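Visitor: Okay, here's the structure, questions in a sec.
The values are calculated or read from the model by the stated rules, or taken from the named source; none is laboratory data. Quick caveat, the model's predicted, so the values are computed rather than measured. Heavy atoms of the whole protein, side chains included, go into the accessibility calculation; ligands, DNA and RNA do not. Shrake-Rupley method; radii C 1.70, N 1.55, O 1.52, S 1.80 Å.
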Amino acid sequence: MRNIIFTSVFTALAVLAAPAVAAPAGCWSRQYDAGHLKQNPAQVVEASWLNFIWQGSTLTANLSVYTANQGHVRGTKNAEQVLDQVLLCWQDEGRKNAWSCSVECDGGMMEITRMDGKVLEFRTNYLMVGDTDRCGGAVDLAEHPGQSVTYRLYRAPDGECETN
């Protein structure tokens, strides 16, 4: 009996002492300048805003992008448009307690690969944004089908995400 109590107390203390992985929070954004876009002609995003919000025990991310008139959206109705998407986020135990977010209805996902007080980077090889009549979205943020791309965003005042 003593061993059971000791083991239970030890396990509880170990769980409490384990470092907590911070959840993504707040507003992150980036506006790419003309020089960056010229150097990256396949990039479809000219500006982006990513805002994390807790809804009860569920973490969601509101992603808004202003598409560039280049890459696979060049000359389409989706070029130079603001497109939005809501993602559901979870702590990804398979990647050393990192975070991932996905779009319902097989609209793709992103993996947060870097997150500190100033910079958030996410990687995707398929992530749809924009409302349509079908599942997913209107524009894939991946520059080439199935090929990973990383987006770097910077911490911004929360009000910046609320206006986009």
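Visitor: With every protein chain kept in place and ligands, DNA and RNA left out, what is the accessible area per residue of the chain? Probe 1.4 Å, answer in Å².
Guide: For the chain, the per-residue accessible area is 58 Å².
Visitor: A follow-up question, please. Once the Cα atoms of helix 2-17 and of the chain are each reduced to a long axis, what angle between those two axes, in degrees from 0 to 90 to the nearest 10, is obtained?
Guide: Tilt of helix 2-17: around 30 degrees.
Visitor: Taking only Cα atoms and a 10 Å spring cutoff, compute GNM fluctuations for the chain and point out the largest among Gly75, Gly130, Gly35.
Guide: Checking each option, the largest mean-square fluctuation is seen for Gly35.
Visitor: Over the chain, with a Gaussian network built from C-alpha contacts below 10 Å, which listed residue (Glu46, Glu93, Glu80) shows the highest mean-square fluctuation?
Guide: Glu93
Visitor: Determine the shape class of region 117-159: with a ≥ b ≥ c the square roots of the Cα gyration tensor eigenvalues, call it rounded for a/c under 1.5, and otherwise prolate if a/b is greater than b/c, oblate otherwise.
Guide: It comes out oblate by the Cα gyration axes.
Visitor: Quick one: 3J(HN,Hα) in Hz for region 133-145, Karplus 6.51/-1.76/1.60 with θ = phi - 60°, rounded, Gly and Pro as x.
Guide: 7, 10, 5, x, x, 9, 10, 8, 6, 5, 6, 9, x
Visitor: How big, in percent, is the set of alpha carbon pairs in the chain lying more than 30 Å apart?
Guide: For the chain, the fraction of Cα-Cα distances above 30 Å is 23 percent.
Visitor: Then there's this: What ³J(HN,Hα) values, in whole Hz, does the Karplus curve 6.51 cos²θ - 1.76 cosθ + 1.60 give for region 22-38 when θ = phi - 60°, with x put for Gly and Pro?
Guide: 3J(HN,Hα) across region 22-38, in whole Hz: 5, 7, x, 8, x, 9, 10, 8, 6, 10, 7, 7, 4, x, 5, 5, 5.
Visitor: Given 0.36 nm per residue, what is the gain on full extension from Asp131 to Glu104 after removing their alpha carbon distance, in nm?
Guide: 8.5 nm
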